[in-house]
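Down below is the structure, laid out as structure tokens.
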Amino acid sequence: SQTIHQWPATLVQPVGSPLSLECTVEGTSNPNLYWYRQAAGRGLQLLFYSIGIGQISSEVPQNLSASRPQDRQFILSSKKLLLSDSGFYLCAQTTLRGNTIYFGEGSWLTVV
Amino acid sequence: RKEVEQDPGPFNVPEGATVAFNCTYSNSASQSFFWYRQDCRKEPKLLMSVYSSGNEDGRFTAQLNRASQYISLLIRDSKLSDSATYLCVVVKVGDDKIIFGKGTRLHILP
């Protein structure tokens, strides 16, 4: 069966520090992968999505970046975090034709 | 126009009442539709997929009207445990991009 995992679950980082959130998928190949952010009291905002290795589409210009070094691995990074980067980050994956969506457990980031 | 729009909420509803959520989407080529619920500080959980023929799961009924690009969710006999944020989710054909509505917050009052 398909599973999706992301980590770390929670982290507190100082302003200006780097960030790396990792998401991995099991039980499928060539998934479409997504990173979302949800600020406090707000909806889920699509940050990046990827249809294959090295193929990244950015939805919102900001100080975050994403990479897909392997088929089932999707990484969200920042070189220097801002206070406004605080929020709930969610990795997601769709099956062929998007008929099913799988979500990671989410990562809570607090930038202080 | 936003790609997926929902009632802004919050809805404060007494226990036992019927609640209706609405959602519209702008891309007529959208292919898959879902309702998710999200509890505070948690990832979204699938409530139900939405089909043109309509589908029902216990107290929950979902409808899709492709001509009007409109999706609905009806909750009957609401329970305290139904309190959550309800997200309308659309997957676009071609790139399989998942688009979330901003969600409607529901509070069931005892």
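With θ taken as phi - 60° and the coefficients 6.51, -1.76 and 1.60, list the Karplus ³J(HN,Hα) couplings across the range A:26-34 in order, rounded to whole Hz; mark glycine and proline as x.
In residue order, the calculated couplings are 10, x, 7, 10, 6, x, 7, 10, 9 Hz.
I need to check one value: relative contact order of chain B, counting alpha carbon pairs closer than 8 Å and at least 6 residues apart, in percent.
Relative contact order here is 37 percent.
As an exercise, use a Förster radius of 25 Å and the Cβ-Cβ distance of B:C40 and B:E15 to find the FRET efficiency, rounded to the nearest 0.05.
0.85
Under the definition of partner shielding as Cβ atoms of other protein chains within 10 Å of a residue Cβ, what is the mean value for peptide B:40-48?
Average per residue, whole number: 4.
Go ahead and set up a Gaussian network model of chain A, Cα springs under 10 Å, then flag whichever of A:I101, A:I56, A:I75 fluctuates most.
Ranking A:I101, A:I56, A:I75 by mean-square fluctuation puts A:I101 first.
Could you tell me which of the pairs A:K80/B:K42; A:K80/B:K92; B:K2/B:K92; A:K79/B:K42; A:K79/B:K102 are separated by over 24 angstrom between their Cα atoms in the structure shown?
Among A:K80/B:K42; A:K80/B:K92; B:K2/B:K92; A:K79/B:K42; A:K79/B:K102, the Cα-Cα distance tops 24 Å for A:K80/B:K42; A:K80/B:K92; A:K79/B:K42; A:K79/B:K102.
Amide H neighbours of A:S17 under 5 Å, at least 5 residues apart or on other chains, H built in the peptide plane: list them.
For A:S17, whose amide H was placed from the backbone, the distant partners under 5 Å are A:L81.
Any idea what the relative contact order of the range A:1-79 is, in percent, if you count C-alpha pairs under 8 Å spaced at least 6 apart?
About 31 percent, as a whole number.
Within the range A:75-112, find all residues whose amide N lies under 11 Å from a label point positioned 7 Å from the Cα of A:V12 along Cα-to-beta-carbon.
From the range A:75-112, the list is A:110-112.
Given B:G9, B:A84, B:C23, which one lies farthest toward the positive end of the charge dipole of the range B:1-94, if we put +1 on the Cβ of every Lys and Arg and -1 on the Cβ of every Asp and Glu?
Highest projection toward the positive end goes to B:C23.
As an exercise, identify the trypsin sites (Lys or Arg not before Pro) in the range A:3-112 lying in DSSP coil whose Cβ has no more than 14 other Cβ atoms within 10 Å.
Passing both the DSSP loop test and the Cβ count: A:R42, A:K79, A:K80.
Hey, what do the phi angles of the range B:8-20 turn into as Karplus ³J(HN,Hα) couplings, whole Hz, using 6.51/-1.76/1.60 and θ = phi - 60°, x for Gly and Pro?
Karplus values, whole Hz, x for Gly and Pro: x, x, x, 9, 10, 10, x, 3, x, 6, 9, 10, 10.
Quick one: what are the phi-derived ³J(HN,Hα) couplings along the range A:66-78, Karplus 6.51/-1.76/1.60 with θ = phi - 60°, whole Hz, x for glycine and proline?
Computed from phi, the couplings for the range A:66-78 are 9, 9, 10, x, 9, 4, 10, 9, 9, 10, 10, 9, 8 Hz.
Taking the Cα centre of the range A:65-112 as origin, sum charge times position over the Cβ atoms of Lys and Arg (+1) and Asp and Glu (-1), and report the length of that vector in debye to the nearest 20.
160 debye
Residue separation times 0.36 nm, minus the C-alpha to C-alpha distance between A:A40 and A:S77: what's the value?
Contour length minus the Cα-Cα distance gives 11.3 nm.
If the elastic network links every pair of Cα atoms under 10 Å, which of B:K79, B:K42, B:K97 fluctuates the most in the Gaussian network model of chain B?
For chain B, modelled as a Gaussian network with Cα springs under 10 Å, the answer is B:K42.
If the cut-off is a Cα-Cα distance under 12 Å, which aspartates and glutamates reach B:K79, setting aside same-chain residues fewer than 8 apart in sequence?
Straight-distance partners of B:K79: B:E15.
For B:T61 paired with B:S28, estimate the spin-label separation in nm (one decimal), with each label point 7 Å from Cα along the Cα-to-Cβ line.
Calculated label separation equals 2.8 nm.
From other protein chains only, count the Cβ atoms within 10 Å of every residue's Cβ in A:37-43, then give the mean.
That works out to 3 on average.
Read-outs: derived from the displayed coordinates by stated rules, not from any lab. Since the structure is predicted, the reported quantities are computational estimates derived from the model, not experimental observations. Ideal geometry is used to build each Cβ from the backbone, glycine not excepted, and the neighbour counts take in all protein chains shown.
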